[in-house]
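The values are calculated or read from the model by the stated rules, or taken from the named source; none is laboratory data. Fair warning: this is a prediction, and the values are worked out from it, not measured in the lab. Please note: Cβ atoms are built from the backbone with ideal geometry, for glycine as well, and neighbour counts cover all protein chains shown. To get the accessible areas, we keep the full protein, side chains included, count just its heavy atoms, and leave off ligands, DNA and RNA. Shrake-Rupley method; radii C 1.70, N 1.55, O 1.52, S 1.80 Å.
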Amino acid sequence: MSEFEQSAVFTPFTLPSGLTLKNRVVKAAMEENLAEADLTPSQVLKNVYNEWAKGGCGLIITGNVMVDHLAMTGPGGLALEQQTDITPFAELARLGQQNDCKIVMQINHPGRQVFKKMGGKAISASDIALNMGKHSHLFAQPTAMDKSEISDVIARFTHTAQQAEKAGFNGVQIHAAHGYLLAQFLSPLTNKRDDEWGGSLENRARLLLEITRSIKAQCSAGFSVSVKLNSADFQRGGFEPHDAQAVVNMLSALKLDFVELSGGSYEAPAMQGQTGDERTLAREAYFLEFAKAISEQSNIPIMTTGGISRLDVANTVISSGVALAGMATALAYQPNLVNAWQSNSVQPLLMPRVAFKDKTLAGLATMALVKRQIRRVGQGKRVKANASAIFTLISDQMRAAKLTKRYRKRFAKELN
């Protein structure tokens, strides 16, 4: 029996909604920045999803899709709102369902993690700005949300989920990790409120729970709903693993399909292997220790992402009791990696390694390298081996400037 045939990774898995995945490998979300000017999927982006679906994964989770076109993580991102034409999204869904693959849309609001030059809304649980050291000036100063803004965000997440279902996606994943808006409400570092949306963990989790309930109520029973959650903020005084366990317990009554555990934020990019405290992450499968502990106490299937690129590591994840193994960067560099595992034809992966002393620049350069490879996949080009981190970062910043100019021009009347 081959390694593939006895691999735990390649057993089918049926989610609580009834959605069956052909295997346990998930293409996790990555920032792509490949939208058209109207914030809908471009042909290059559709080409990328075509390759990922054919590449062998059981499930694809899209990159960030924003619920508000005036609150974007960056230029070139997607937004899906109540009035958006779903035609390009429907094509993306169709392509992502080839080869018996399933596709879930990750939906998100950046909150305070908005670049100042983008304009638009910078809102958060409280008016606490990002602390990025000498790079802090790049981000907007957020304002604390009032109750009408909180109601608006709940409605926007719900409308985006409804639109995703109409477009043919198999489900949505609510992004409550990586320091974005819902994580800002969850973390005591960014939520200093003294009303029903702050204080206790139950209050800080209220927005995530209300959004989840609303989506579950407005979408069909067979529509997959999942949550991406930090296992920890990896910052002193932040959201901790015991908080993550408690939130998963709160979510259990809502009959989610799965919870994906990751970690970190812009301030402490643990999802890239870097922490803002003394904790050391594993060399591979960064968050497996946390995911395994939570899966043992949870009736919701658990997925973990971060640092997985080899079959034996993915098998270790599944064998530990975690239901799904998510991969991101590895599939940007080798979209057909899962098929390659099956045929025993794996080539050495050329994963990005950036050793800048400045952690912020290192994080930006790593993301730039990954996005560059994603674009090359969409353009039908091969992976560029040993790409220069410095050149790629500079060219990515130049590209971002052009996309920012395009965005500000299109939405000039609405932006601040």
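Tabulated results
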item	result
Relative frequency of Cα-Cα separations exceeding 15 Å in the stretch 331-376, percent	52 percent
Net charge of Cβ neighbours under 11 Å - reference A53; Lys, Arg +1; Asp, Glu -1	+3
Accessible carbon and sulfur surface of the stretch 65-158 relative to its total accessible area, %, 1.4 Å	53 percent
Residue-normalised accessible area of the chain, given per residue in Å² at a 1.4 Å probe	39 Å²
Summed side-chain charge close to V322 - residues other than V322 whose Cβ falls under 12 Å, Lys, Arg +1, Asp, Glu -1	-1
Three-way shape label, the stretch 347-416, alpha-carbon gyration tensor, a/c 1.5	oblate
Kirkwood-based shape ratio for the chain, expressed as Rg/Rh from alpha carbons	0.93
Kirkwood hydrodynamic radius of the stretch 94-178, from inverse mean 1/r over distinct Cα pairs, in Å	14.9 Å
Mean Cβ neighbour count within 10 Å, used as a protection proxy, ranking 11-18, 325-332, 176-183 highest first	176-183, 325-332, 11-18
Dipole moment magnitude, nearest 20 debye, the chain about Cα centre, only Lys, Arg, Asp, Glu C-beta charged	1520 debye
Relative packing of 49-61, 373-385, which averages over residues the other C-beta atoms within 10 Å, highest first	49-61, 373-385
Proximal lysines to K102, defined as alpha-carbon separation beneath 17 angstrom and excluding residues fewer than eight positions away on the same chain	K22, K27, K46, K54, K166
Net charge of neighbours whose Cβ lies under 11 Å from the Cβ of D152, counting Lys and Arg as +1 and Asp and Glu as -1	0
Part-to-part distance (alpha-carbon centres) for the stretch 136-189 and the stretch 294-355, which is given in Å	27 Å
Average Cα contact separation per residue, the stretch 280-416, under 8 Å, 6 or more apart, as relative contact order %	15 percent
Rg/Rg_globular for the stretch 18-78, with Rg_globular taken as 2.2 N^0.38 Å and Rg from C-alpha atoms	1.24
Length-normalised contact order of the chain in % [C-alpha pairs under 8 Å, at least 6 apart]	17 percent
Whether the stretch 142-233 is rounded, prolate or oblate, judged on the alpha carbon gyration tensor where a/c under 1.5 counts as rounded	prolate
Candidate lysines - alpha carbon under 19 Å from K409, same-chain residues fewer than 8 apart omitted	K116, K117, K121
Relative contact order (%) - the stretch 75-186, alpha-carbon pairs under 8 angstrom, separation at least six	38 percent
